[in-house]
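Below: the structure, in structure tokens.
The values are calculated or read from the model by the stated rules, or taken from the named source; none is laboratory data. Since the model is a prediction, treat every value here as computed from it, not as a measurement. For neighbour counting, all protein chains shown are included, and Cβ atoms are generated from backbone atoms with ideal geometry for every residue, glycine included.
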Amino acid sequence: METAVLNLQSLYEKMRTQVDLLSENIEPNFIQMAQNFDDCRRKWLKTEHELGSCKEMLRKTETERGSLEVKLKHARNQVDVEIRRRQKAEADCETLDRQIQLIRDLLTSEGSSNSIQLSAEQRSALAFLNTNLTQDDWDSSTVRTVRLKKREKRGNEAIVTKTTVTVPANGGSVEAVSTIETVPYWTRSRRKTGKMSQPANPEGEMKAAPSTPQSNGGVRLHEFVSKTVIKPESCVPCGKRIKFGKISLKCRDCRVVSHPECRERCPLPCIPNLGGTPVRIGEGVLADYVPDTSPMIPPIVVHCISEIEQRGLHEAGLYRLSGAERTVKELKEKFLRSKTVPVLSKVDDIHAVTGLLKDFLRNLKEPLLTFRLNRAFMDAAEISDDDNSIALMYQTIGDLPQPNRDTLAFVILHLQRVADSLDTKMDISNLSRVFGPTIVGHAVPNPDPMTILQDTKRQPKVVERLLALPVDFWAQFVMAAENKQPKLEHLIIENANCYATPERAGVSILGPLTTPEHQLNKTPSSSSLSQRMKSSLTPRFGSRSKLAEGFSRQGKFFSSPLLK
């Protein structure tokens with residue numbers, strides 16, 4: 001019994017002790033514990049933010065490392081390519097050194113007993129190596145080569161015979177008086193002597209080198225010389241490389257290079273190379289780019305049109321579609337700055353060549369039809385009477401400077417061929433809209449927007465009128481100067497009446513007098529203004545056959561003076 005009481009008492013004491021402990025003031029401890037938990041939470045939040053920043057930085061670093069690895073890979077590839085190129089260049093250099101050494105040994109074989117000895121057959125096969133390299137100095141020379149003429153025999157004095165024929169007006173007997181005199185050689189005119197010494201049916205002179213055959217309507221031909229290629233060059237017509245030791249042809253004037261079998265395909269007419277343009281690109285007038293001899297056409301125009309007609313006459317949308325601007329700029333830079341002719345056949349896009357032609361004509365300081373005659377062309381194109389409009393167009397074309405007139409004729413002939421090709425789908429109307437701003441331009445250098453708007457409507461009409469003119473009219477301007485007049489020197493006879501004006505049937509060469517009102521309102525007829533303009537222009541620009549026919553009727557007279 002006592003044991004149970006003692007156990008209960010001990011349990012009671014323990015419970016009292018626990019109650020006393022629980023009843024003590026323990027709130028500060030709980031508050032401190034809560035603060036500790038809050039501090040840990042803040043530290044965890046800060047750590048999470050820092051972890052996110054580190055992850056973002058790691059991601060950026062990985063991206064940058066990847067881009068740097070790609071750049072490093074490309075750099076290694078470029079280094080490998082450059083190493084291979086250097087090795088190839090060194091191999092080529094060694095090959096050329098061996099060839100030069102072999103050539104040196106071959107060239108010195110005649111004067112040294114220790115040199116390589118070749119048979120006669122081997123020497124004849126290697127004869128092309130023994131050429132004079134001075135003939136290849138075309139690119140460095142800025143002096144124009146004078147075309148050599150046949151040397152005449154010089155003497156101290158010459159005998160000149162003059163015959164005077166007198167025909168009385170009353171039908172009397174004809175008297176002929178001949179005089180023979182001795183004239184010192186230096187007093188005689190070289191041109192006159194050359195004319196009088198030609199036979200009745202003169203044949204063409206022997207040229208120093210083969211040239212393009214006379215089958216192109218009297219245009220200026222190439223004067224080719226043959227040369228052995230030391231530095232590889234490109235053939236202009238076919239675009240292929242002419243290798244070392246091969247024979248090539250090079251024009252004395254325009255410096256065009258071709259294979260002997262490709263010379264028939266060289267662009268015509270031959271335009272002498274100017275050896276660099278003295279003005280900045282796009283800031284010169286047309287006369288700055290043309291040669292001094294007829295036809296005065298810029299070489300860039302000739303080569304562009306030749307390439308376009310070889311490859312582009314079956315291209316749909318020719319001149320309407322534009323080529324790459326960068327390619328056009330590079331080609332123009334090569335044409336106007338380089339001393340050699342760029343090979344346009346290597347340009348894959350024919351529209352880049354057409355863009356080059358349009359860009360050159362459009363960026364001239366003065367348009368092709370000039371500021372002075374711009375309004376005259378527009379007024380002539382707007383005349384309702386076709387006959388008078390064409391006549392005034394003839395007259396205005398005759399007032400153009402020769403470089404502008406020759407270039408305009410060459411471009412119009414080309415555009416007429418483009419319009420005749422059905423594959424291009426570019427008729428006269430489409431070509432007029434494309435080339436109106438390019439050829440006609442404006443009457444002032446910097447037109448205001450209203451003037452541009454007005455001229456844009458009138459420019460295509462001018463080009464349509466120009467394209468409507470006959471081909472024979474334009475063809476006479478692109479002929480060489482020596483082919484514009486017939487070779488009738490053998491018909492000239494020295495007599496006392498050589499300067500007399502031939503008698504006519506009492507008709508003025510200008511036709512009957514008419515007032516301007518009558519000319520504008522008349523109906524087309526055989527005596528119209530256009531017919532008179534054609535007849536007055538014919539002695540100046542006519543074809544060779546018509547002039548020869550006229551001289552056959554009046555062989556003893558010179559041509560009548562021209563009216564301007």
Identity of the residue in the range 356-394, crowded, with 18+ Cβ neighbours inside 10 Å and among the aromatic types (Phe, Trp, Tyr), that ends up farthest from ALA468 (Cα to Cα)
PHE360
Go through the range 453-471 residue by residue and tally those that are in contact (Cβ under 8 Å) with a residue 24 or more places away in the chain and either within 20 Å of ALA391 (Cβ to Cβ) or among the basic types (Lys, Arg) (or both).
11
Whether any residue in the range 443-459 is assigned by TED's automatic domain parsing to the domain that holds ALA316, within 23 Å of the chain's Cα centre (by Cα), crowded, with 16+ Cβ neighbours inside 10 Å and not polar (S, T, N, Q) is what I want to check.
no
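Could we say that GLN35 is over 26 Å from PHE244 (Cβ atoms), surrounded by 10 or more Cβ atoms within 10 Å (Cβ to Cβ) and modelled with pLDDT under 95 here? Working first, answer last.
Working: over 26 Å from PHE244 (Cβ atoms): yes; surrounded by 10 or more Cβ atoms within 10 Å (Cβ to Cβ): yes; modelled with pLDDT under 95: yes.
Judged against the criteria, GLN35 is a match.
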Verdict on LEU356 being more than 30 Å from ARG241 (Cβ to Cβ) and at pLDDT 90 or above
no
Name the single residue, out of those in the range 238-255 being at pLDDT below 80 and within 15 Å of CYS266 (Cα to Cα), that is surrounded by the most Cβ atoms within 10 Å (Cβ to Cβ).
CYS254
Going through the range 373-423 in order, the residues found to be under 18 Å from TRP474 (Cα atoms) and in contact with a Lys or Arg (Cβ under 6 Å, 6 or more places away or on another chain) are ALA381, MET393
Does the range 375-383 contain any residue that is without any contact (Cβ under 8 Å) to a residue 24 or more places away in the chain and out of contact with any strand residue (DSSP E or B) (no Cβ under 9 Å at 6 or more places or on another chain)?
yes
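Identify all residues within the range 418-452 that are farther than 28 Å from GLY284 by Cβ, without any contact (Cβ under 8 Å) to a residue 60 or more places away in the chain and among the hydrophobic types (A, V, I, L, M, F, W, C); write none if there are none.
Of all residues in the range 418-452, those farther than 28 Å from GLY284 by Cβ come to 419-430, 450.
Add one more test, that the residue is without any contact (Cβ under 8 Å) to a residue 60 or more places away in the chain, and what stays is 419-420, 422, 427-429, 450.
Selection gives ALA419, LEU422, ILE428, MET450.
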Could you grab me the full set of residues in the range 96-110 that are within 15 Å of LYS231 (Cβ to Cβ) and either among the charged types (D, E, K, R) or at pLDDT 90 or above (or both)?
LEU96
How many of the residues in the range 288-318 are assigned to a loop (DSSP other than H, G, I, E, B) and either hydrophobic (A, V, I, L, M, F, W, C) or over 15 Å from the mean Cα position of the chain (by Cα) (or both)?
14
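Taking the range 324-338 on its own, how many of its residues are part of a loop (DSSP other than H, G, I, E, B) and under 15 Å from the mean Cα position of the chain (by Cα)?
Looking only at that region, the number is 1.
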